Amino acid sequence: MLSVRDIDVFYDDLHILHGVSLEVGEGELVGVVGANGHGKSTLLKAVCGLVPVASGDILYAGESIRRRSVSELVERGLVYVAEDRRLFPDMTVRENLLLGAFLARGRGHEQTSLRRVFDLYPRLAERQEQLARTLSGGEAQMLALGRGLMSAPALLAIDEPSLGLAPKLVDTMLETIAELKNTGTTILLVEQSLGLIDGIVDRVYRLEEGIISGGAARAAMAMADHR
Amino acid sequence: MTQFLEVIFGGIAQAAAYSIIAVGLSLVYGTARTLNFAHGALYTTGAYISWILTVGYLGLPLWLAVLVLIPILFSIGVAIETLMLRPLRGGKNWRVTAMMVTLGLAFVLDNANLILFGAVAKPMPAFIEGTVSIFGVTVSAYRVAVLIIALVIVALLEVFLNRTRFGWAVRAVAQDIQGARQVGIDVNRIFAFTFGLSVVLTGMAGLLLSPIFLISPQGGWEPFLKAFVIVVLGGLGSTRGAIAAAFFLGLVEAMVVYQLGASWTMPVWLVTLLLVLMIRPQGLLGKGQSEAAG
């Protein structure tokens, strides 16, 4: 479904990603792990069109998307959920969610999508009319993911959802991500440590200093970890 | 006492017009993070274009002049944003560069207006003659009209921002640019649109205020400075704050003019600004600056 081929990405003069390639099959939950500052977020942003790719190519549903705008990609179901949430602080929870359905892809069935998000996170239903800036870290993360779901994603790129969450909330968050996978959403998930997502991913890549390795099934990966 | 009330009412009417200028300035600062120094020159340009359309050359009736004026102003704004500011965005220190570019544009517009229309201020007749009496106070009908029109414009803007899909997108961009991109909003389109809208607002204010102040090539700087004070006082990026600040300063100005004379206006605006910022650095209704440029 998604095929990243040998991409290089720069921030100004900084060479962040070096010839990174990875594959995500339809319905898969693929993880990318690596320490902070090694280019995980940049990889997701490059896939979702939020940062420019200097060389290489990205195929989505068989078509090159390297030069597509973010709007076009969201319209085709490629949706990014940011590690720093990127909510609209002075809008209500409900308004934030409805903005997730801004494009034609999400419009027309907002009520169904809202119900789905509220079923997943009853807490958000309770706080619908509250401003996003008043939410706790856990609730903000729920809202970020919920807003992503409102866009009716085919492939959800989730950037470190555990960031800043208490351990118990991390478990709940990862459970819901596994649940999303079971309902047919393809997921590319970035986290700092393999231990966190080991139980839910199908395959894992490791990103170190902008160079990727791995991609084997998780059992093989775990063995490599223990060597 | 009657004279005092007349002065107060004059202050309110002018404040309403200033609030339109300020809201335009605030809209562009809030979304595109650009402080537009050409806002005052565009106010003057709007006034000159209105003059050409009405008494200057074409002799159009006011309603028709407004209908022609709005698309012209909007196109000017879109052109400035797409041709002059967009290419800078994202570069090193682009905010400062963009500010300098708008400052340069202000000088170009001022001098173009000077060459085209001459240094002598152009008079503009009031579009409505006569006076009306409110609670025994006699005020010019034109000032009442300015107040009503300005309030209607601000109300329409609020409805647009809060009730329409495109208005939501503008607010989303104002609150988090990257978040807006993530949900698929074309932020460049929003920047162009808000810049167009802000030029419409300041140009319309130019039209509304020209019968009161005359039109002169440098005449936009005072409204710009006042709008700037209003925006800072009301909280950067806050529409309602800008309106509240405009009325507050309009009343202060009216009282100062009444007690001390018109030359004290700007010093008093500045002192008021300093005092408010000492007590509330985020402005009257501001929520503090969020560094959300992505």
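The values are calculated or read from the model by the stated rules, or taken from the named source; none is laboratory data. Computed from a predicted model, the values in this text were never measured in an experiment. Cβ placement follows ideal geometry from the backbone for every residue including glycine, while neighbour counts extend to all protein chains displayed. Areas reflect the complete protein model, heavy atoms only, side chains present, ligands, DNA and RNA absent. Shrake-Rupley method; radii C 1.70, N 1.55, O 1.52, S 1.80 Å.
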Which residue, chosen from A:Phe10, A:Leu78, A:Gly215, occupies the Cα position most advanced towards the positive end of the dipole of chain A, where the dipole is computed from +1 (Lys, Arg) and -1 (Asp, Glu) charges on Cβ about the Cα centre? A:Leu78
Can you show me the helix-derived [θ] at 222 nm for chain B, built from DSSP H runs with n ≥ 4 at -39,500 (n - 2.57) apiece and divided by the number of residues, rounded to the nearest 500. -23500 deg cm²/dmol
Mean ellipticity per residue at 222 nm, deg cm²/dmol - from DSSP H runs of n ≥ 4 across chain A, formula -39500 (n - 2.57): -10000 deg cm²/dmol
Between A:Gly215 and residues 5 or more places away or on another chain, the pairs with built amide H atoms under 5 Å apart involve A:Val204, A:Tyr205, A:Arg206
Lysine pairs meeting the criterion (Cα under 29 Å, 8 or more apart or interchain), as found in the protein assembly as shown: 10
Loop sites in the stretch A:84-187: GluC sites (Glu not before Pro), DSSP, at most 16 other Cβ within 10 Å: A:Glu129
Let me know the charge dipole size of the protein assembly as shown about its Cα centre in debye, to the nearest 20, where only the beta-carbon of Lys, Arg (+1) and Asp, Glu (-1) is charged. 780 debye
Per DSSP loop assignment and a cutoff of at most 15 other beta carbons within 10 Å, chain B keeps its longest run without exposed GluC sites (Glu not before Pro) at B:130-290
Within the stretch A:25-87, list the GluC sites (Glu not before Pro) lying in a DSSP loop whose Cβ has at most 12 other Cβ atoms in a 10 Å radius. A:Glu26
Integer Hz, Karplus 6.51/-1.76/1.60 couplings in order for the stretch B:259-270, x for Gly and Pro: 8, 10, x, 5, 5, 8, 4, 5, x, 5, 4, 5
Antiparallel versus total DSSP beta bridges in the protein assembly as shown: what percent is that, nearest 5? 60 percent
Can you put B:Met278, B:Met204, B:Met99 in order of accessible area, largest first, using a 1.4 Å probe? B:Met278, B:Met99, B:Met204
Between the stretch B:136-196 and the stretch A:59-92, how far is it from one alpha carbon centroid to the other, in angstrom? 26 Å
Could you tell me what fraction of 2.2 N^0.38 Å the Cα radius of gyration of the stretch B:2-219 comes to, as a two-decimal ratio? 1.08
Estimated vicinal HN-Hα couplings, Hz - the stretch A:3-16 in sequence order (Karplus 6.51, -1.76, 1.60; Gly, Pro = x): 9, 9, 10, 6, 8, 10, 10, 10, 10, 6, 9, 7, 8, 8
Modelled label reach - A:Ala125, point 7 Å along Cα→Cβ, the stretch A:143-176 residues with backbone N closer than 12 Å: none
